[in-house]
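Below is one structure, written out as structure tokens; comments come after it.
Readers should treat all values here as calculations from the given coordinates under stated rules, not as data from a laboratory. Remember, it's a predicted structure, so these values are computed and weren't measured experimentally. Virtual Cβ from ideal backbone geometry, glycine too; neighbours counted across all protein chains shown.
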Protein chains: 4
Amino acid sequence: MKNNCLNVAVLGGSGYTGGELLRILTQHPRVQITIVTADKSVGLPVNQVFPHLESFCGLTFESIDLARITKLADLVFLALPHTRSMELVAQCYKKKKHVIDLSADYRLHDPQVYEQWYNTAHTHASLLKKAVYGLPELHRSRMAKATLIAVPGCYPTAAILQLAPLVAKGLIRLDSIIIDAKSGVSGAGRSPALTYHFPEAHESVLAYKIGAHRHTPEIEQELNGLAPRPIRKQSPHAFPLLFSPHLVPMNRGILSTAYARLRQPLHTTDLQNVYRSFYKDERFIRLRTDSTTISPNHVRGTNFCDLGIFADPRTHSVITVSAIDNLVKGAAGQAVQAMNILMGFPEGTGLTSPGAFP
Amino acid sequence: MKNNCLNVAVLGGSGYTGGELLRILTQHPRVQITIVTADKSVGLPVNQVFPHLESFCGLTFESIDLARITKLADLVFLALPHTRSMELVAQCYKKKKHVIDLSADYRLHDPQVYEQWYNTAHTHASLLKKAVYGLPELHRSRMAKATLIAVPGCYPTAAILQLAPLVAKGLIRLDSIIIDAKSGVSGAGRSPALTYHFPEAHESVLAYKIGAHRHTPEIEQELNGLAPRPIRKQSPHAFPLLFSPHLVPMNRGILSTAYARLRQPLHTTDLQNVYRSFYKDERFIRLRTDSTTISPNHVRGTNFCDLGIFADPRTHSVITVSAIDNLVKGAAGQAVQAMNILMGFPEGTGLTSPGAFP
Amino acid sequence: MKNNCLNVAVLGGSGYTGGELLRILTQHPRVQITIVTADKSVGLPVNQVFPHLESFCGLTFESIDLARITKLADLVFLALPHTRSMELVAQCYKKKKHVIDLSADYRLHDPQVYEQWYNTAHTHASLLKKAVYGLPELHRSRMAKATLIAVPGCYPTAAILQLAPLVAKGLIRLDSIIIDAKSGVSGAGRSPALTYHFPEAHESVLAYKIGAHRHTPEIEQELNGLAPRPIRKQSPHAFPLLFSPHLVPMNRGILSTAYARLRQPLHTTDLQNVYRSFYKDERFIRLRTDSTTISPNHVRGTNFCDLGIFADPRTHSVITVSAIDNLVKGAAGQAVQAMNILMGFPEGTGLTSPGAFP
Amino acid sequence: MKNNCLNVAVLGGSGYTGGELLRILTQHPRVQITIVTADKSVGLPVNQVFPHLESFCGLTFESIDLARITKLADLVFLALPHTRSMELVAQCYKKKKHVIDLSADYRLHDPQVYEQWYNTAHTHASLLKKAVYGLPELHRSRMAKATLIAVPGCYPTAAILQLAPLVAKGLIRLDSIIIDAKSGVSGAGRSPALTYHFPEAHESVLAYKIGAHRHTPEIEQELNGLAPRPIRKQSPHAFPLLFSPHLVPMNRGILSTAYARLRQPLHTTDLQNVYRSFYKDERFIRLRTDSTTISPNHVRGTNFCDLGIFADPRTHSVITVSAIDNLVKGAAGQAVQAMNILMGFPEGTGLTSPGAFP
């Protein structure tokens, strides 16, 4: 037992994101996990559901009991499916708990956009205004004052970070952005289904939900928010981009390749300078000049986003490549980073180990 | 020993493409392989270099002896590195042999473009005019009359087939094409190198040679050639597109995702009709309406190109996805298809087995 | 439509073994598939359940209707779960159909042994005497006269073939056999489950059902049957061996490593001679002297069993290594080989393509 | 810069084991890496050779300069090939440095056995007596007083730990041990070669060096040393066992399955009690009752050895299964554990993070 710790709850702890939250939080010197919930695994020791956590976590999965949660925890992580989170976040918020929600329910500012993409009305639209989109590299200071943080999706983390400097500096045509992202299979969660059955997913690459993936409006909202006033759209979602996700045969990681047309001719070195300056002092961004060193293999298990930016003068285009671990910087790690910011802990606490390669 | 067969030579038979040529040709009812060459494996039985071919091929790798080759074979396949092929093709051609070259040396019509991308002068520029680009779906009739066929590269096969109907029908803006391709590791050949060392390539995806891959000018040449007169460029290479290859952790296969802006609004079903009509009677093209069924897993070991076409009305874009086996439709299978056309054999001879899934 | 063909039914055609039966049978020159059944996929075209079979199979999955099956087919393949096959085989047999059963229901001669390992009584024990264990290398002549053939399990195929010469020649102590087998994930079938969920099975190897796998009694029965009279056991199952299966992260294939103590000192070359002689003229057995060339990678998609035999003089032991494709020689291919023998077709018909490597 | 730290050198830091040493040591609170050497990478920043270590290690690879090493470091790790280590260890030892050697050069007590297996004479045979075999679970107290520790090989770590209780308690016949081990490809090191070229190793499993792998005598030496006096052999290597390694398509990890005949009938629960007692208080041993939870997937990146023990009453045998990360408990982690013991640091320092699953 650690002393003087922040007591935290993890709701939805039996999925891959939940497992990563438990892994990182058990190593966090300022935190004590006091309760962890699950659905199907209620009553099972964490050790049994996650054999890799044996000797690190003595808890047993419980069902969700809000009274018990609010009594035992001062901060609540929710790693639940969207719509499932919606009401629980509101209740925890009402009980004045710090809430870090890893679902999509509080990421979009506009309830109509939520409804349009998630096919269901948002039942706590007023709370959307309180939620801060938890990407520290863009919203650190607002996160520090927030009560409710919506952790970005995995794809949006990779996509927004790779495009933010270009958009913020007005260097590209906003209507030209195409994001071709490649994700490992853990991004689909821990529930077995034919698409993720080993023999189907192995020796395979496939495109899915082309132009229709629910992470699209998050990326649009954040990039539009970054755009310089003259080219920003009135409606936060009047700026459509094309996002095209792919499933690749690896356990973890996203490699995101984004394309856009430059508004004026620029060299690779110019672009690299823009990125270097934009991400100055960002400890979890590592800029790379050789695209072959940007790979999930080098960020696995870590909170890093490795990034490269390249000009293609032949087509007046810019290409950016980013790699993250979808379960860490794309979910649990970023959630812990959000907690650190929220609670005033040093931002990298619990997140500073290098990954194990290969 | 088969009777009344075409005698063929395979130059460069010890790489993955060579191995596939041997696999397919040993099963071809109209062909007898009479000689197979290699560099480092000279003197070794094919069986030893390719244990999977044991009981199918009794030959031994020889060094290249042109007199012997032209004596023993009426048709020569060259699966050699570029520049290595250049002179040998010319010599076989001179000896009035049918030549099917799998290297890049005779794919580009313009020797200056060759020099620009391959950093070396083309020493047989006049022969370039005789060579036919061996993509049957575009050039079948010219291939039937050819003596020298240059088999397309693996990426160009996937890319040209997926974009040809859009370009030929003038449906997209030619300056808007972006091709994001994902290849299995066998595409890099059989010579060990750090990038393809198992622990480096596994659990990894990476982008390489962004905007600079040598397959780019092939794609440009062929698509420009297809464009309707009014929008076609004077110079066959005045039409730059952005081609961005990626390495993914699988043995075989390419998934190519291509993006372009529509010149006029079209629905997915309109586009599908265009493709259905364009590829009518093409036995090796299978059109798919669900992108998740387009995957290397479903074409492995076969000469098929599985294809899908999708409109994204939000961004006025079209997305096409194609899957091929890089070593079959992307190399050896297409070479045999070329031979069938050249020799007047039924086009699918030796190429009509379904793949083994999974 | 092929003419003068044997009409066959495939019951249970939507699993991986069923898919392989369809793949091989559509290419078989003497066979016409007239009906294919499934459970959950009833009403779906084969093409939709197996996109790789598009353009090869125009059938639609039906539910099992015995009258229709016996009317449309002269030979019935059953690729159904054990117990599910038991009654259907009996009914087809009664209707005087040729039956090739890929389940475990008719492999064991002794109904008590069946009951002991499968925890259920055998309801057609008398039919067990009619069934021939369909391993051609051991029972070819009896198979040729059979009406009901029980196709061996995948592990037993690899294990029996690798040990048969040693046992038949009395070279090893029967009580010393240990089989450590490694299987790809397709061996577990096509139904998703957590163990076979990509992120769980990838980057993993695990042992399961150690000493308790249901393929054990098959191996014991067949090896005991081979043993020279003086050392053979009275009861076919009085000869226990240790079989230990493992799951490895690949799609297809089994590598089986078996160990036994030699009854007298023998060199590797002595043992190789025994094997060469025992498997003389067996077209699907390829003997190898270098263990590193025995791998699922070299038999994928084929009906081969690649085999090696090695002495370890330090421990007076013998080690044999065998590789098969679990879905071909371990299931569908062997079933077609059985059909060929049963119907008097040349034994290799439809099974003579080399595999695609890598 | 950390204060009051032990200064350490890492010789041979550019391979996978070297990379893991750097990863672990940069996180170790009591250690400062002052020099790291390599061969081919001399002059390159560690960051460039290991992009995953960017922002963790500012060093540059140097060539080996013994004067400089002994000046800058008080403890030297050698992650060099065998024979390469032999002389360097002797020189560091002579300079009164603490030496932790990860090669095979100082693991075997008997120089003749070394010569027999490594085909070269040991040039510092007298130093073998000073070296302690660095398996903490067996030799902790001797390690604490040592100057030179020879870190066990990866396979021996898995094999000795899984068999030690059985041997030490005299429960099995020593002449019956068979070890069938399965290793990920990183075990072969970082130098590219055809066997480890991605397309060759993927979708493959193979056995190599059956009965002839150099890790065999280590296992024999240590197990014989553990055997109760009456059954121990005079010569430490008069006790031959059969060790059979396999290569499986994963990056990291070993799963070792060992078999032996019981000297008296015992139940699984009896055996589990023996193990529980033998490994009481061992923080890096986790005993498992379900073999399917013992997998490299659950120990990746960690210093754990997960272990299971199972009786097979049918064959009077015992089966044990163990899983380690070959680069951590099988190399770099165990080396750091050795350092901790040697220097009197808490044994788990720098080694107590759970692995990232999946």
Distances in nm, one decimal, shortest first, from A:G58 to the same residue in every other copy, taking the label point 7 angstrom along Cα→Cβ.
4.1, 7.0, 7.4
Across the stretch B:45-90, how large is the tail of the calculated P(r) beyond 18 Å, expressed as a percent of all Cα pairs?
43
How big is the stretch B:278-317 along each principal axis, measuring the range of its Cα positions in Å and listing the largest first?
37, 24, 12
In deg cm²/dmol and to the nearest 500, what is the mean residue ellipticity at 222 nm of chain B if only DSSP H runs of at least 4 residues count, each as -39500 (n - 2.57), divided by the residue total?
-8500 deg cm²/dmol
Computed P(r) (all Cα pairs; the stretch D:155-325; 5 Å bins; percent):
1, 9, 17, 21, 20, 16, 9, 5, 2, 0, 0
Can you give me the P(r) profile for the stretch B:291-352? Cα pairs, bins 10 angstrom wide beginning at 0, each as a whole percent.
23, 36, 25, 12, 3
What translational diffusion coefficient, to the nearest whole µm²/s, does the stretch A:258-329 have by Stokes-Einstein, given a Kirkwood radius computed over alpha-carbon pairs, a temperature of 20 °C and 1.002 mPa s viscosity?
168
Determine the shielding of peptide D:170-176 by partner chains: average, over its residues, the number of Cβ atoms on other chains within 10 angstrom of each Cβ.
1
Log10 I(q)/I(0) at q = 0.04, 0.07 Å⁻¹ for the protein assembly as shown, from Debye over equal alpha-carbon scatterers, is -0.24, -0.79
Determine, at each q value in 0.08 (inverse angstroms), the log₁₀ of I(q)/I(0) that the Debye formula gives when each Cα of chain B is one equal point scatterer.
-0.37
Could you give me the radius of gyration and the Dmax of the stretch B:1-122, taking only the C-alpha atoms into account and expressing both in angstrom?
14.8, 46
Taking Cα atoms only, Rg over Rh for the stretch C:199-267 with Rh from the Kirkwood formula is 1.08
Classify the stretch D:2-69: rounded, prolate or oblate, from the alpha-carbon gyration tensor (a ≥ b ≥ c, eigenvalue square roots; a/c under 1.5 rounded; otherwise prolate if a/b is larger than b/c)?
oblate
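How many lysine pairs are close in the stretch C:29-117, with Cα atoms under 24 Å apart and the two 8 or more places apart or on different chains? It would help to have the intermediate numbers written out before the result.
Working: C:K40/C:K71; C:K71/C:K94; C:K71/C:K95; C:K71/C:K96; C:K71/C:K97.
Value for the stretch C:29-117: 5.
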